[in-house]
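Accompanying notes for the structure given below.
The values are calculated or read from the model by the stated rules, or taken from the named source; none is laboratory data. Keep in mind that what you see is a predicted model, and the values were worked out from it rather than measured. Note that we place each Cβ from the backbone using ideal geometry, even for glycine, and neighbour counts take in every protein chain shown. Heavy atoms of the whole protein, side chains included, go into the accessibility calculation; ligands, DNA and RNA do not. Shrake-Rupley method; radii C 1.70, N 1.55, O 1.52, S 1.80 Å.
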Amino acid sequence: MGGLQKKKYERGSATNYITRNKARKKLQLSLADFRRLCILKGIYPHEPKHKKKVNKGSTAPRTFYLLKDIRFLLHEPIVRKFREYKVFVRKLRKAYGKAEWTAVERLRDNKPGYKLDHIIKERYPTFIDALRDIDDALSMCFLFSTFARTGKCHVQTITLCRRLTVEWMNYVVTSRSLRKVFISIKGIYYQAEVLGQLITWLVPYQFAHDHPTDVDYRVMATFTEMYTTLFGFINFRLYQTLNLVYPPKLDSKAESELKAEHEEDYAMDSESYLEKLSALSASLARVVATAEEEEENQLDQFPADGEDLENMEAREKEQKEQEAQNRLFEGLKFFLNREVPRESLAFILRCFGAEVSWDKSLCIGGTYNVTDETITHQIVDRPDIDKQYINRYYIQPQWVFDSVNAKMRLPVEDYFLGVTLPPHLSPFVEEKDGDYVPPEKLKLMALQRGEKHVQEEEEDDDDDDDDEEYNDEVDDEDLTEEKNLKKMEDQRSQGKQTLAVKVTPGKVKPWETGSVGNKVRLEKEEKAEEKRLAIMMMKKKEKYLYDKIMFGKKRTTREANKLAAKRKAHEDTSKAEKKQKKAKKQ
Amino acid sequence: MRLWNELSYFTCWISHQARLCTPPTRLCTPPTRLCTPPTRPGPALYSTHQARPCSVLHPPGQALLCTPPTRPGPALYSTHQARPYSVLHPPGQALLCTPPTRPGPTLYSTHQARPYSVLHPPGQALLCTPPTRPGPVLHPPGPVLHPPGQALYSTHQALYSTHQARPCSVLHPPGKALYSTHQARLCTPPTMPGSVLHPSGKALYSTHLTVPGLIQPICFSTRLLTRFSLSPSFLSQDIRNTVGNIPMEWYQDYPHIGYNLDGKKIFKPIRNKDELDEFLDKMENPDYWRTVHDKTTASDIRLSDEQVDLVHRLQKGQFGDVNFNEYEPSVDFFTNEVMIHPVTNRPQDKRSFIPSLIEKEKVSKLVHAIKMGWIKPRKPKETTPQYYDLWAKEDPNAILGRHKMHVPAPKMRLPGHEESYNPPPEYLLTEEERMAWEQQDAEDRKLPFLPQKHSCLRAVPAFSRFIHERFERCLDLYLCPRQRKMRVNVNPEDLIPKLPKPKDLQPFPTTMSLVYIGHSSLVRSISASPTGQWLVSGSDDCTVRFWEVNTGRCMKTLEVGGAVKSVAWNPNPAVCLVAVCFESTVLLLNPGLGDRLVVSSTDQLITSYEPPEEDKEQAVTWALSEGPEHDNGHRLTLTHPKAVKQVVWHGKGDYLASVMPDNSSNLQVLIHQVSKRRTQNPFRKNKGLVQCVSFHPLRPYFFVATQRYVRVYNLIKQELTKKLMTNCKWISSMAIHPGGDNLICGSYDCRLAWFDLDLSTKPYKMLRHHKKALRGVAYHKHYPLFASGADDGSVIICHGMVYNDLLQNPLIVPVKVLKGHQITHDLGVLDVTFHPTQPWVFSSGADATIRLFT
């Protein structure tokens, strides 16, 4: 005994957390300001391990912040700026009320502002940290840059977002770091590898937004404020690593080329410059005028052995593949028709070394005309086109995306005008064993391995007889397999029956008479039983975990089976339709 | 200048007000003068007033009307005070409010001062005293009863009192009642030219102003009245609606559309015009085009020519007034010529040419501030943010500024195939799936969007929820509580314990070899003879059958007088005795199987009994069987006081324990000694419902299993040695390891508990192998095996190795699941027992069979 009795909830986890309202009171901020501060400083609620302990025995739903976080916010200089701003607003209102216009003007001039540089530095101590967290910033900036310049947010924000995104795209083009692209129903996903970090962002389609009413744009604007600052610093640093001038400048050569026309169409010089940059057709100016060609960064050869050597080889191989992908469209000359999304295609094609141009009326920066004889590919997204040149392919835009994802130039035949496109697969899905793999992916993988099998099949598709033969073969295979299965089943059931029968007349044990196949099966059965018995001996806790894992596995296989069944049904119906058509023809 | 203008305007306004206010003074005095002569109609008014009971108190109307000319203000005030509600008036205000000369404004100000002004219209308070009485009762409509002079006032009262008498909500449909009435009353005056009748002061003024005969006050009332009386048709015609400027739909559901000046309802025309009437009217009435429907009176009004003309003019966008000339030549207010001479001849001020000292001071202050650098020129504002190399001096070892508890936000999920604009066909939803998706809550949906297929890129529409999704991501980033969770990536195979292979643990029964068929009802209990040649079984069909184990032949069938609950073969190989219990009887049988010597020696053993000298009173009566029963094999009959559930032999074969489960007495377990035909009850106290009992195979211990505990008694010391907690809800069966140190308990809640008696009183292992209630458990005598039978129809054989080394725990491995019994009436296996020498197991089931697994 002895000593003071310790009170409950005065130590331990209860003291490490603070509720939102208390935090707000401690900081003496309004809820809106607190929210803003949290967004800018990246403070988020924590879920305590024992909620009831932290909540002082109550189970009411509350959000908890770490007390350390809130203490840390106490010293934030921006809080003072918030208060200054509040005072400013009050003064301004007063001046307005008194109609003191000079005072209003003076106050306006001295409007307090704040910078987020120190916050960025504090949140991301190293550059790589910042780069890792840029996904959301990119998506947000791309979204804001597509907003109309009315209402919803400040025009400056929109132009800043546009500027930053254009800079980013220019960087990706120059560094050739784009890896994957994906056309989804939401927008276009891009994935780039910058300084070893995979960065994914989503760009909406170029349509006017139907602004929803249940979205708080102030929250979004605060996020954007933070993101633009972060993004700008990242861009600066990235440009620096490539020896590019920041803010980006066009190459002197390119500039002179672009200068000739259209200059008078733009009211402001800066505007036209941004447009030129966003055209992505010209290379950027460098700080140090280096030779045009990129110096190949060769991997140094280190004396290594065993595993290291293998690793090294794998790395080397990867590097080579990467380089090959970067030169995917090198030497090709593309022309974009006006109905295709110019910006995304120009961006992707330029990232892989192609030359791109478009109609002059579409956008600034087109370098050659449709009539240019050296054009190799023209990207068209309409069922047919009147005037066709013989020496170029007319392809649909999906070819570009699929080729990038496949890291090889896919056969163009599937992507000609008016052709039903093959499904567009997501490059982000990595199937593990047991997952469902769509047949298109299998085909693609075969193609990547350099097998010609798929080609044949495609040919097969053209003439139906072969196709049928092929199908028959498949059917045969299926049949044989099915037969095998049936046999097994029969044997099994027989085994069971004999087992049941055997007891009454008291025959000999089954495994002494079984054939070779039987033996295998029996062994399997034995194994299964062993496992079953062992599972019986599991501890309760482990059993629960095991059951959970197995349930999850079963679910995935069930889903995969469902998909496969669906595919099969679809193929059957399409085949039947084909046959019907054929019958009609005859 | 401007201020002055405002001021003058203000004064003008005030004077205007004054002008507005003054008339009443002039107006109101006349009546007094009018009223004083007793011969005039006026006195009638007074007399009536006075005739009223409250006039005794203070007929205020009178006071007011009469006093002004003669008495000063305070007098008036006192009258006010005299009234009960004058308490509410702060005296000063009341005083202020009642200037003796101006009755009109007084009315209003008092009115405003009073909180319940709605109820007490001032006019009434002043003019017609009794605020409590509903007017119409007392005052029939003026024009009929009263002589002309009074008519005006009495109608007043009538109107007012009706207002008062009516609850406001009657006037207007509920909800807007009080305020709207008030408003209506306030609104009416301007719209009514004849608002002389309206009591409110303003109305009075306005009429007064408009009444032409204002200057001749003497004839005023008469004039009006003559006008009234002369044109009774006017009265009847002018059914003006007093509801005021309110939406008329409030009266939609009522038969009337408002109230006329007398406070009577104005009824709607009985029959509304329908379309046909409208049409006929249109066809036949030549004035149809100039007829307008008046909502407030629900009547049609034919527009006069002037009105039609006015409408036409307004439609054309012309001025309403025909005589207004909009093209009059404009007249300049000021001349446009520049005059060379000053307007005034006043010389310039001195201050206009002497520099101001104050200004100089100010300027010098500014100059000084600039010199000192206190004032700086305004900097041009930076519009675009400046970026620089923020991470120029980065510290790679720096952790995040705040603390180490940072949980980075998870990245957005990467899209799968189903999000593609042109996904493979299997990812598209079928019709049913789509329906299901649509009916699901947004949170429950597996996919937040519907997969769609577009034939080409140009056909892809904008994603309508794009901004929503970004916003939700934002919310997640700053609102969603984060927690670091350890995800264990366990290979499920690793979780399965590594056990020795059953193959290595042979022998154990693996297959069903024999089925003993013969019983017609469920076989409750089986027992094997110590030699292993015979098997005895007791069933609910009231028979005990003896089987030969190896052939499955039923050697003997004995009918007993009830369903057999339990059978037990005497474990002593030198004795051939079987204990059978049914109802409240325990029967000792000599089946006469096996070695003849043994059989005869058994009989001898029983007959050699010599009753002791002193006969003790026993709980059980021992009876020797004779005659045909003896021929059947019956030897001894022990009649118990209660139904017996179980019999069990001691290992030596002399002692026999029987269980009579009964929760209320201590007579639950009896131990019998066969050789001495003696019975004793070992327990003095009832410790719960006894389920089963058992003897220790080697030592003098006795195990009693109650519902949840197993108690171990030392029979020699006669004390409780151990109490085992089984953690089960209801024990069904129990078996002791032949070594005597281990024990298994089967329970109805599907568990089997293994106790190591040396280790603890808690189960060493809990096995939940069975899916249903366990009915029987058994140990093998020689092999390290134990079996359990349950209601799921299966018998599970486990390898249960007990080591001599005390430090090594028993090894328990399930080796075989034996199935064969059919489940009947939700019962499967009822009893299991091992063959005494072979690794075989017998099981009896509810399907009336006994099965042998070898």
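Among residues other than B:Asp389 with Cβ under 13 Å from its Cβ, the summed charge is +1 (Lys and Arg +1, Asp and Glu -1). Net length available on complete extension from A:Arg409 to A:Gln5 is 137.8 nm, with 0.36 nm assigned per residue and the Cα-Cα distance removed.
Heavy atoms of chains B and A lose about 9200 Å² of accessible surface on contact, summed over both sides with a 1.4 Å probe. Net length available on complete extension from B:Tyr609 to B:Glu328 is 85.6 nm, with 0.36 nm assigned per residue and the Cα-Cα distance removed.
Rounded to the nearest 20 debye, the dipole magnitude of segment A:1-54 is 160 debye, with +1 charges on Lys and Arg beta carbons, -1 on Asp and Glu beta carbons, and the Cα centre as origin.
A straight line joining the Cα centroids of segment A:21-40 and segment A:331-352 runs 47 Å.
Accessible surface calculations at 1.4 Å, restricted to protein heavy atoms, place segment B:525-596 at 32 Å² per residue. I'd like the Kirkwood hydrodynamic radius of segment A:104-230, using the inverse of the mean 1/r over distinct C-alpha pairs, in Å. Taking the inverse mean of 1/r over all distinct Cα pairs, segment A:104-230 comes out at 16.2 Å. Measuring with a 1.4 angstrom probe and ignoring ligands and nucleic acids, B:Lys616 comes out at about 150 Å² accessible. Structure note, pairs B:Lys282/B:Lys316; A:Lys81/B:Lys485; A:Lys41/A:Lys98; A:Lys25/A:Lys52: Cα-Cα distances above 27 angstrom occur for A:Lys81/B:Lys485; A:Lys41/A:Lys98.
To the nearest 0.05, what FRET efficiency results for B:His630 and B:Thr854 with a Förster distance of 51 Å applied to their C-beta separation? Once the sixth-power term is evaluated, E becomes 0.90. Measuring against 30 Å, Cα to Cα, the residue pairs A:Lys539/B:Lys729; B:Lys556/B:Lys819; B:Lys616/B:Lys645; A:Lys543/B:Lys687; A:Lys249/B:Lys379 contain A:Lys543/B:Lys687 as the ones spanning a longer distance. The residues of segment A:170-186 occluded by other protein chains by 40 Å² or more of accessible area, set against the chain on its own, are A:Ile183, A:Ile185, A:Lys186; surface from heavy atoms, 1.4 Å probe. The Stokes-Einstein estimate for segment A:310-379, based on a Kirkwood radius over Cα pairs and taken at 20 °C with 1.002 mPa s viscosity, is a diffusion coefficient of 160 µm²/s. When each of the peptides B:487-497, A:432-442 is scored by how many other beta carbons lie within 10 Å of its residues on average, the order from highest to lowest is A:432-442, B:487-497. Translational diffusion coefficient, Stokes-Einstein: compute it for segment B:508-654 using the Kirkwood radius over C-alpha pairs as Rh, at 10 °C and 1.306 mPa s, and state it as an integer in µm² s⁻¹. Result for D is 100 µm²/s.
For segment B:400-465, the fraction of 1.4 Å probe accessible surface lying on carbon and sulfur atoms is 55 percent.
For segment B:336-459, the Kirkwood estimate of hydrodynamic radius, built from reciprocal distances between every pair of different alpha carbons, is 25.9 Å.
Its Kirkwood hydrodynamic radius, worked out from the mean inverse distance over all distinct Cα pairs, puts segment B:500-583 at 13.9 Å. The 3J(HN,Hα) values that the Karplus relation (6.51, -1.76, 1.60; θ = phi - 60°) gives for segment B:412-429 are, in residue order, 5, 5, 7, x, x, 4, 5, 8, 5, 6, 9, x, x, x, 6, 8, 6, 7 Hz. Gly and Pro appear as x.
Just so you know, the Rg over Rh for segment B:419-563 is 1.44, from Cα atoms, with Rh as the Kirkwood radius. Between the listed residues B:His769, B:Phe786, B:Asn809, the Cα displaced farthest toward the positive end of the dipole of segment B:748-845, a dipole computed from Cβ unit charges relative to the Cα centre, is found at B:His769. Cβ-Cβ distance of A:Lys539 and B:Thr621, R₀ of 41 Å, FRET efficiency by 1/(1 + (r/R0)^6): the value works out to about 0.20.
Each 10 Å bin, from zero up to the one with the longest distance, holds this percent of the alpha carbon pairs of segment B:583-655: 16, 46, 34, 4.
Legend: residues B:His821, A:His570, B:His406, sorted from most to least accessible area (1.4 Å probe; ligands, DNA and RNA excluded), read A:His570, B:His406, B:His821. Cross-link pairs exceeding 24 Å between alpha carbons, from the set A:Lys186/B:Lys453; A:Lys540/B:Lys446; A:Lys68/A:Lys152: A:Lys540/B:Lys446; A:Lys68/A:Lys152. Comparing the full protein assembly with the isolated chain (1.4 Å probe, heavy atoms, ligands and nucleic acids excluded), the residues of segment A:29-54 losing at least 40 square angstrom of accessible area are A:Tyr44, A:Pro45, A:His46, A:Glu47. Measuring max minus min along each principal axis, the C-alpha atoms of segment A:1-85 give extents of 56, 27, 17 Å (largest first). Inter-label distance, B:Thr335 to A:Thr213: 6.5 nm, where each label sits 7 Å from its Cα along the C-beta direction. Derived scalar couplings between HN and Hα for segment B:655-660 equal 9, 9, 10, 10, 10, 10 Hz in order, rounded to whole Hz, by the Karplus curve 6.51 cos²θ - 1.76 cosθ + 1.60 (θ = phi - 60°), x for Gly and Pro.
Size of segment A:216-257: Rg and Dmax of its alpha carbons, in Å, are 15.1, 46. Across segment B:275-380, Cα-Cα pairs farther apart than 21 Å form 74% of the total. Accessible surface for segment A:385-437, divided over its residues, is 49 Å² per residue with a 1.4 Å probe.
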